[in-house]
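Have a look at the structure below, then the notes.
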Amino acid sequence: QVQLVESGGGLVQAGGSLRLSCAASGRTFSSYAMGWFRQVPGKEREFVAAISSSGSRTYYGDSVKGRFTISRDNAKKTVYLQMNKLKPEDTAIYHCAQAGATYSIGTASGLYHYWGQGTQVTVSS
């Protein structure tokens, strides 16, 4: 029912920037918080960033705070992740996700019921 499609991943040098996009469809986009998570093979999924339905509140994982910025455009039903000062440790598959209930916002993956397929981000050293 809900479809999330990420784009913008690719290869970038350490210190560079990349912007990920996630286009949503299926539900009233403006009613739900959105999040970004990343995953490396052999490791558990890591919280990256989240944004409330209106965009008034944001949360960031400690490893990306100060470097990444999450934003959303409800008119376009799209959430973005601007990644600056990228490090090799940021290499992962990045997934966007939509909260399962209105007014839900947080860092726990369990709050998010809909997930995109992911986009690969590779940072070279």
Scanning segment 89-107 for residues that are out of contact with any helix residue (DSSP H, G or I) (no Cβ under 7 Å at 6 or more places or on another chain) and open to solvent by 50 Å² or more (accessible area, probe 1.4 Å) gives GLU89, ILE93, TYR103, THR107
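This table checks each residue for (1) at pLDDT 95 or above; (2) touching an Asp or Glu at 6+ places or on another chain (Cβ under 8 Å); (3) within 23 Å of ALA101 (Cβ to Cβ).
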{"residue": "GLY10", "(1), (2), (3)": "yes, no, no"}
{"residue": "GLY16", "(1), (2), (3)": "yes, no, no"}
{"residue": "THR28", "(1), (2), (3)": "no, no, yes"}
{"residue": "TYR32", "(1), (2), (3)": "yes, no, yes"}
{"residue": "ASP62", "(1), (2), (3)": "yes, no, no"}
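For LYS76, indicate whether it is closer than 28 Å to LEU11 by Cβ, without any contact (Cβ under 8 Å) to a residue 60 or more places away in the chain and either out of contact with any Asp or Glu (no Cβ under 7 Å at 6 or more places or on another chain) or open to solvent by 60 Å² or more (accessible area, probe 1.4 Å) (or both).
In short, yes.
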Taking the residues in segment 34-55 that are aliphatic (A, V, I, L, M) and within 11 Å of the chain's Cα centre (by Cα) as candidates, determine which candidate is surrounded by the most Cβ atoms within 10 Å (Cβ to Cβ). MET34
From the option list VAL64, VAL12, single residue qualifying as among the β-branched types (Val, Ile, Thr), open to solvent by less than 60 Å² (accessible area, probe 1.4 Å), under 26 Å from SER125 (Cα atoms) and touching a Leu at 6+ places or on another chain (Cβ under 7 Å) is VAL12
Condition check for VAL12: farther than 21 Å from SER104 by Cβ, out of contact with any Pro (no Cβ under 9 Å at 6 or more places or on another chain) and not small (Gly, Ala, Ser): yes
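The values are calculated or read from the model by the stated rules, or taken from the named source; none is laboratory data. Being a predicted model, the structure only gives us computed values, none of them experimental. Cβ: placed from backbone, ideal geometry, glycine included. Neighbour counts: every protein chain shown. Remember, those area values only see protein heavy atoms, side chains included, never the ligands or the DNA or RNA. Shrake-Rupley method; radii C 1.70, N 1.55, O 1.52, S 1.80 Å.
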